[in-house]
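The values are calculated or read from the model by the stated rules, or taken from the named source; none is laboratory data. Note that the structure is a prediction, hence the values are computed from the model and not measured. Methodologically, a virtual Cβ is constructed for each residue, glycine included, from the backbone with ideal geometry; neighbour enumeration extends over all protein chains shown.
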Amino acid sequence: MPSDPGLLVRRRLISTCLRFYREQAGLKAKNAAESILSDPSKITRLEKGQRGISVRDVRDLSEYYGIPPAVREELMSLAEGSRVQEWWMSADFDPALQTLVGMEGSAETISEFEVIVMPGILQTREYAEVMIDLYPPHDQAKRDGAVKARLRRQQILSKDSPPAVRIVLDEGVIAREVGGKKVMREQLSHLSDVVAKGVDLRIIPFSTGGHVGETNGFTVLEIPKPAVFPAEIPNPGFVYLELSSGPSYLDDTYQVEQHLTKFTQLREVALSVDKSVEMLRIAANRL
């Protein structure tokens with residue numbers, strides 16, 4: 001568990017744990033709301049992680065649910081930082097992207113598959129600029145802000161304890177000349193550099209034929225829970241999707257597991273890391 005989990009991770013951990021203990025106690029949201037002199041809609045929003053919660057409410061709900069002291073102290077500690085303003089909250093981000101950025105800094109494992117475009121956390125500045133320019137609004141200030149935000153996300157790779165990053169790319173991602181030969185050559189070189197720093201990157205060659213990821217890319221974040229939480233509470237997971245209709249996300253445990261299974265299948269048909277790096281070198285030399 002990161003020493004300082006981010007805002008959304010704090011909220012997600014608190015909400016998951018409180019809901020677990022409320023249901024264990026056989027209480028309805030209405031009962032919980034009455035115990036803190038509130039209404040059921042507040043409890044519903046809290047349990048969905050849609051709003052912060054005060055330390056006082058955590059304390060009162062914990063006492064009402066009969067939560068053990070060690071878990072109660074952990075929840076109150078998490079609540080102390082659940083209302084802070086994070087840098088990405090003021091950015092011009094889609095809510096789904098805000099959720100991704102808000103959680104990936106606390107992820108234990110990031111597993112991403114892409115079939116068309118480079119993963120955002122691995123893009124060079126020039127590649128990112130080309131991709132951002134494809135979408136409106138074409139405002140210089142917003143464009144620059146979006147590029148800076150994308151590059152800032154990449155700081156998680158240089159943390160003292162970075163997440164395990166596993167990337168699978170369809171060969172089409174490295175074959176597509178985004179921004180021209182120079183931009184693409186530098187991007188491919190950057191991919192080789194991040195592999196040398198510990199990123200597990202594998203490529204599915206065209207020769208593989210069809211595979212289970214042909215419809216769209218996705219990112220799965222796995223986030224550890226505090227050791228004092230009951231074993232029955234699942235680790236919070238999250239799937240980020242970029243669809244034609246816009247960014248979206250899933251956080252149902254079954255859906256997260258489904259996407260992890262799909263990622264495993266894609267990884268199994270991909271080349272090894274060493275062979276993938278060799279493919280990157282060959283592709284760069286062709287440019």
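Listing for the model above:
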| quantity | calculated |
| --- | --- |
| Top-ranked residue of the stretch 229-240 - restricted to ones that are surrounded by fewer than 17 Cβ atoms within 10 Å (Cβ to Cβ) and of a type outside the set (Gly, Ala, Ser), ranked as nearest to Gly105 (Cα to Cα) | Asn235 |
| Every residue from the stretch 243-287 that is aliphatic (A, V, I, L, M), assigned to a loop (DSSP other than H, G, I, E, B) and within 23 Å of the chain's Cα centre (by Cα) | Ala270 |
| Criterion violated by Leu188 - all others in (1) at positive phi; (2) at pLDDT 95 or above satisfied | (1) |
| Filter result for the condition that a residue is part of a strand (DSSP E or B) and either closer than 26 Å to Thr99 by Cβ or within 24 Å of the chain's Cα centre (by Cα) (or both), over Leu191, Leu201 | Leu201 |
| Where Ser161 falls short, out of the listed (1) surrounded by 12 or more Cβ atoms within 10 Å (Cβ to Cβ); (2) at pLDDT below 90; (3) in contact with a Pro (Cβ under 9 Å, 6 or more places away or on another chain); (4) within 26 Å of Ser272 (Cα to Cα) | (1) |
| Test: residue in the stretch 67-90 that is of a type in the set (Val, Ile, Thr), out of contact with any Phe, Trp or Tyr (no Cβ under 8 Å at 6 or more places or on another chain) and either under 30 Å from Ala196 (Cβ atoms) or modelled with pLDDT under 90 (or both) | yes |
| Residue in the stretch 273-286 that is assigned by TED's automatic domain parsing to the domain that holds Ile116, surrounded by fewer than 16 Cβ atoms within 10 Å (Cβ to Cβ) and farther than 30 Å from Lys181 by Cα present | no |
| Residue check, Ser35 more than 20 Å from the chain's Cα centre (by Cα), at pLDDT below 95 and not charged (D, E, K, R) | yes |
| Yes/no for Ser62 being touching a strand residue (DSSP E or B) at 6+ places or on another chain (Cβ under 6 Å) and at pLDDT 95 or above | no |
| The one condition in (1) over 19 Å from Ile121 (Cβ atoms); (2) part of a loop (DSSP other than H, G, I, E, B) that Lys182 fails to fulfil | (2) |
| Residue list for the stretch 118-145, restricted to those being more than 26 Å from Ser192 (Cβ to Cβ) and part of a helix (DSSP H, G or I) | Gln140, Ala141, Lys142, Arg143, Asp144, Gly145 |
